[in-house]
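First the structure, in the form of structure tokens, and then the observations on it.
The values are calculated or read from the model by the stated rules, or taken from the named source; none is laboratory data. These numbers come from a predicted model, not from an experiment. Cβ sites come from the backbone with ideal geometry, for glycine too, and all protein chains shown count toward neighbours. For accessibility, only protein heavy atoms count, side chains too; no ligands or nucleic acids. Shrake-Rupley method; radii C 1.70, N 1.55, O 1.52, S 1.80 Å.
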Amino acid sequence: MKLILLYSLRNLIRRKLTTLLTASGMALVILVFSAVLMLSEGLRKTLIKTGSPDNVVVIRKSAGSEVQSGIDKEQANIIEISPEISLNDRGKRLVAKELVVLIGLTKKGTDKLSNVVIRGVMEMSLPLRSQVRLKEGKMIRWGTNEIIVGSKIAENFDGVKIGSFLSFGQRQWQVVGIFDGGTTGFNSEIWADVEQLKQSFRRPTYSSIIFKLSDLKDFENLKMRLENDPRLTVEVKKEMQYYEDQSAMMTRFIKVLGVSMTIVFSIGAILGAMITMYSAVAQRKREIGTLRALGFQKVTILAAFLMESLLLSFAGCIGGLFLSSFLQFYTISTMNWQTFSELAFSFTLTPKIILQSLIFSLIMGVIGGLIPALKASSQKIVDALRTD
Amino acid sequence: MAKLEKIIEIESLYKSFRKGNQIIPVLQNISFDIMDGEFLALMGPSGSGKSTLLNLIAGIDKPDSGSIFVQGIDITNLDERTLSRWRSEHVGFIFQFYNLIPVLTAFENIELPLLMMNLSAKDRKEHVDFALSIVGLYDRKDHYPKQLSGGQQQRVAIARAIVTDPSIIVADEPTGDLDKKSAEDVLNLMSELNQKFGKTIIMVTHDLRAAKYAKSMKYLDKGVLINGSAEIFI
């Protein structure tokens, strides 16, 4: 087997230029394929990381997201006294009632408006989001029109420097700080005092209630109790699940569109591999005849040529993944259609994507190499030996 | 001492090729025996069917009718898989243009037929080293075919033909692509394999000087075996 592998490998090396060109075609397809998956994974990971494992989000039933949700004060009061909610060092419940609204802000370098999430928060919102740290400036003074902006908002939008004013909800809001939410979606948000925000937008309701559970095991009971409470019309989700659901539509869209495109591209790469392998078979007819005369079975010849095609696609896979790995340094800021708001995220390469790319490239190799390999193995020995 | 057992028995062999609607007979009613340890030269003009006959004896082609018994087995009845295995165990091939695999070294080319046998890497190495020592190319074992002269390449091909210790060696114009000196070296080597190691050799050649190294000759003309000494016809 080792010698057959060497035979295939050395034949590829001997035809350096053809090998390089064919593998490059496959590498480009793998680049697109892995980039699409990395994009979708980046979005998913960013949103999942936004949630904390022991946090729970309550939104209005069937609302889907915080933007469409509304929970009135009475309902909020019932929820916030749930006994399952964890207490902080001072014995206060770790629960926050928040409001989410969207405003239009101008993206840097363009004159286009993008939707940005303004999250009305309260004092308890911060300990619930341990990923969030103040990076520059100071924290909001409660009861004022001060706001802090996420680091990606500061990077990507105009007019959000510390000290500048933003105009929304019929008020002027002063930027007093920039916060860093690590790799979470909070980086793409602006935070204000929830009560000030409610008043300025004349909203009588909150969007969501967030709280930390003292024991994760209580989640199912709590969910059943709140969702079946006749006074409430709410949906209870673990925060991570909530954010994963927020990414579902867009990740599916990116995957379906991207993978369909890649499949079309791959037809070109497969044809390239097929032409290369056909020419290899034609050039090595006498070699094939000799190997068969020496006693090698048809299946061995088939395996040798298929192996060559697989090595070619493997080389393409390595090349494609090498190129796509550089995409990890690139951050994309775009609209999450599920929440209609801007979200910044990075291309994320995972072992699963590497494996998927490998499988995809090997499938290209098999399809591209199978017919030429069958042709090679089914030649009559005497005819093959007679070739010049 | 000459051996008298028959190693190959050819009976009523017919072979034809189809060209469009036309059927062209290549071999007609060929019957003869080859004794174990014989060095037979098959001679005849181009298109006489001698290479086709050699291919049939070597089991790389099938006749239209007739049988070829080799050590009691009718190889014309073997299925392709069994025939491949039979070739790897019983037949060594020497071709006019050496047919070495260009991307493999001399050692690896010689090792090829051993890959079909259940041998360890160490055993394979011993076999290859022995074959290389017989053809006198041990010092060239890591060279690729293009780094060897024609004569040296043919000696590597001979080493490949004998490495599995087959009972029969078939050679199709083994000196056809060599200069006089290299041709003599190759023919002397083949004589040595026949005389010292008792290999049965069937050689197709146009060259009477080459044929003289053989112990016996058979002459084919238009697919028919002509009785008598080959020299008479040349």
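Matching residues to (1) more than 14 Å from chain B (Cβ to nearest Cβ); (2) free of Cβ contacts under 8 Å to residues at least 40 places away in the same chain; (3) assigned to a helix (DSSP H, G or I):
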position: A:L9; (1), (2), (3): no, no, yes
position: A:M26; (1), (2), (3): yes, no, yes
position: A:L37; (1), (2), (3): yes, no, yes
position: A:V57; (1), (2), (3): yes, no, no
position: A:S62; (1), (2), (3): yes, no, no
position: A:A76; (1), (2), (3): yes, no, yes
position: A:A96; (1), (2), (3): yes, no, no
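If a residue must be assigned to a loop (DSSP other than H, G, I, E, B) and open to solvent by less than 50 Å² (accessible area, probe 1.4 Å), how many such residues does the stretch A:199-210 contain? Working first, answer last.
Step one: of the stretch A:199-210, the residues assigned to a loop (DSSP other than H, G, I, E, B) are A:202-205, A:207.
In the following step, the residues that additionally are open to solvent by less than 50 Å² (accessible area, probe 1.4 Å) were identified as A:205, A:207.
Final tally of qualifying residues: 2.
Is it fair to say A:Q131 is in contact with a Gly (Cβ under 7 Å, 6 or more places away or on another chain), among the polar types (S, T, N, Q) and surrounded by fewer than 19 Cβ atoms within 10 Å (Cβ to Cβ)?
On the way: in contact with a Gly (Cβ under 7 Å, 6 or more places away or on another chain): yes; among the polar types (S, T, N, Q): yes; surrounded by fewer than 19 Cβ atoms within 10 Å (Cβ to Cβ): yes.
When the stated conditions are applied, A:Q131 passes them.
If you go through the stretch A:85-107 one residue at a time, how many are buried (at least 19 other Cβ atoms within 10 Å of the Cβ) and of a type in the set (D, E, K, R)?
Number satisfying all stated conditions: 2.
So which residues in the stretch A:282-334 are of a type in the set (F, W, Y) and either open to solvent by 40 Å² or more (accessible area, probe 1.4 Å) or away from chain B (no Cβ under 14 Å) (or both)? Working first, answer last.
Quick first cut of the stretch A:282-334, residues of a type in the set (F, W, Y) only: A:296, A:305, A:314, A:322, A:326, A:329-330.
Those that are of a type in the set (F, W, Y) and either open to solvent by 40 Å² or more (accessible area, probe 1.4 Å) or away from chain B (no Cβ under 14 Å) (or both): A:F314, A:F322, A:F326, A:F329, A:Y330.
Scanning for something more than 30 Å from A:V366 (Cα to Cα), in a helix (DSSP H, G or I), among the hydroxyl-bearing types (S, T, Y) and more than 25 Å from the chain's Cα centre (by Cα), does the stretch A:211-234 turn up at least one residue? Lay out the reasoning, then the answer.
At the first step, the residues of the stretch A:211-234 found to be more than 30 Å from A:V366 (Cα to Cα) are A:211-234.
Now restrict to residues that are in a helix (DSSP H, G or I): A:216-228.
Now drop any that are not among the hydroxyl-bearing types (S, T, Y), which leaves none.
No, that holds for no residue.
Need the failing condition index for A:E74 against (1) under 27 Å from A:K212 (Cα atoms); (2) touching a helix residue (DSSP H, G or I) at 6+ places or on another chain (Cβ under 6 Å), just the number.
Going through (1) under 27 Å from A:K212 (Cα atoms); (2) touching a helix residue (DSSP H, G or I) at 6+ places or on another chain (Cβ under 6 Å) one by one, A:E74 breaks only (2).
Please find, among A:K61, A:K45, A:K16, the residue that is open to solvent by 40 Å² or more (accessible area, probe 1.4 Å) and either under 30 Å from A:N77 (Cβ atoms) or acidic (D, E) (or both). I'd like the intermediate steps shown before the answer.
Numbers: A:K45 fails: either under 30 Å from A:N77 (Cβ atoms) or acidic (D, E) (or both); A:K16 fails: either under 30 Å from A:N77 (Cβ atoms) or acidic (D, E) (or both).
After applying the criteria, what remains is A:K61.
Kindly evaluate A:T276 against the criterion of being touching a helix residue (DSSP H, G or I) at 6+ places or on another chain (Cβ under 8 Å), surrounded by 20 or more Cβ atoms within 10 Å (Cβ to Cβ), in a helix (DSSP H, G or I) and within 14 Å of chain B (Cβ to nearest Cβ).
Details: touching a helix residue (DSSP H, G or I) at 6+ places or on another chain (Cβ under 8 Å): yes; surrounded by 20 or more Cβ atoms within 10 Å (Cβ to Cβ): yes; in a helix (DSSP H, G or I): yes; within 14 Å of chain B (Cβ to nearest Cβ): no.
It is false that A:T276 is touching a helix residue (DSSP H, G or I) at 6+ places or on another chain (Cβ under 8 Å), surrounded by 20 or more Cβ atoms within 10 Å (Cβ to Cβ), in a helix (DSSP H, G or I) and within 14 Å of chain B (Cβ to nearest Cβ).
For the stretch B:44-55, give me the residue count where each residue is over 11 Å from the mean Cα position of the chain (by Cα) and within 10 Å of another protein chain (Cβ to nearest Cβ).
The total comes to 1.
Yes or no: A:T262 touching a Lys or Arg at 6+ places or on another chain (Cβ under 6 Å) and either within 14 Å of chain B (Cβ to nearest Cβ) or at pLDDT below 95 (or both)? Write out each step before concluding.
Numbers: touching a Lys or Arg at 6+ places or on another chain (Cβ under 6 Å): no; either within 14 Å of chain B (Cβ to nearest Cβ) or at pLDDT below 95 (or both): yes.
For A:T262, the condition - touching a Lys or Arg at 6+ places or on another chain (Cβ under 6 Å) and either within 14 Å of chain B (Cβ to nearest Cβ) or at pLDDT below 95 (or both) - is not met.
Looking only at the stretch B:165-181, count how many residues are open to solvent by less than 20 Å² (accessible area, probe 1.4 Å) and either under 15 Å from B:L100 (Cβ atoms) or in contact with a strand residue (DSSP E or B) (Cβ under 7 Å, 6 or more places away or on another chain) (or both). First the steps, then the outcome.
Just the residues of the stretch B:165-181 that are open to solvent by less than 20 Å² (accessible area, probe 1.4 Å), to begin with: B:166, B:168-171, B:174-175.
From the residues that got through so far, the ones that are either under 15 Å from B:L100 (Cβ atoms) or in contact with a strand residue (DSSP E or B) (Cβ under 7 Å, 6 or more places away or on another chain) (or both) too are B:166, B:168-171, B:174.
Number of matching residues: 6.
Where in the stretch B:49-157 are there helices (runs of 4 or more DSSP H), lying wholly inside it, with at least 3 residues that are on the phi < 0 side of the Ramachandran plot and open to solvent by 50 Å² or more (accessible area, probe 1.4 Å)?
On the way: elements: B:50-58, B:80-90, B:106-111, B:121-135.
Fully inside the stretch B:49-157 and qualifying: B:80-90, B:121-135.
Go through (1) over 25 Å from the mean Cα position of the chain (by Cα); (2) basic (K, R); (3) farther than 30 Å from A:K375 by Cα for A:R252 and report which single condition fails.
(1)
Quick check on this structure: which one of A:G181, A:G177, A:G163, A:G185 is open to solvent by less than 40 Å² (accessible area, probe 1.4 Å) and at positive phi? Let's see the steps before the verdict.
Numbers: A:G181 fails: at positive phi; A:G177 fails: at positive phi; A:G185 fails: at positive phi.
Unique residue meeting the criteria: A:G163.
Looking at (1) assigned to a helix (DSSP H, G or I); (2) free of Cβ contacts under 8 Å to residues at least 24 places away in the same chain, which is the one condition that is false for A:F296?
(1)
What do you reckon, is A:L257 under 22 Å from the mean Cα position of the chain (by Cα) and either away from chain B (no Cβ under 14 Å) or open to solvent by 40 Å² or more (accessible area, probe 1.4 Å) (or both)?
On the way: under 22 Å from the mean Cα position of the chain (by Cα): yes; either away from chain B (no Cβ under 14 Å) or open to solvent by 40 Å² or more (accessible area, probe 1.4 Å) (or both): yes.
For A:L257, the condition - under 22 Å from the mean Cα position of the chain (by Cα) and either away from chain B (no Cβ under 14 Å) or open to solvent by 40 Å² or more (accessible area, probe 1.4 Å) (or both) - is met.
Exactly one of (1) part of a helix (DSSP H, G or I); (2) open to solvent by 40 Å² or more (accessible area, probe 1.4 Å); (3) at pLDDT 85 or above; (4) under 21 Å from A:A248 (Cα atoms) is unmet by A:L21. Its number?
Condition not satisfied by A:L21: (4).
Taking the stretch A:43-81, which residues are of a type in the set (G, A, S) and at pLDDT 85 or above?
From the stretch A:43-81, those of a type in the set (G, A, S) are A:51-52, A:62-65, A:69-70, A:76; that's our starting set.
Once the filter is applied, which keeps residues that are of a type in the set (G, A, S) and at pLDDT 85 or above, the stretch A:43-81 yields A:S62, A:A63, A:S65, A:S69, A:G70, A:A76.
B:G72: more than 12 Å from chain A (Cβ to nearest Cβ) and among the small types (G, A, S), yes or no?
Details: more than 12 Å from chain A (Cβ to nearest Cβ): yes; among the small types (G, A, S): yes.
Considered against the rule, which asks whether it is more than 12 Å from chain A (Cβ to nearest Cβ) and among the small types (G, A, S), B:G72 comes out as yes.
Is it the case that the stretch A:106-118 has a residue that's of a type in the set (G, A, S) and more than 14 Å from every other protein chain (Cβ to nearest Cβ)? Don't jump to the end; show me each part of the working.
Let us first name the residues in the stretch A:106-118 that are of a type in the set (G, A, S), namely A:109, A:114.
This time we only want the ones that are more than 14 Å from every other protein chain (Cβ to nearest Cβ), so: A:109, A:114.
There is at least one residue in the stretch A:106-118 that is of a type in the set (G, A, S) and more than 14 Å from every other protein chain (Cβ to nearest Cβ).
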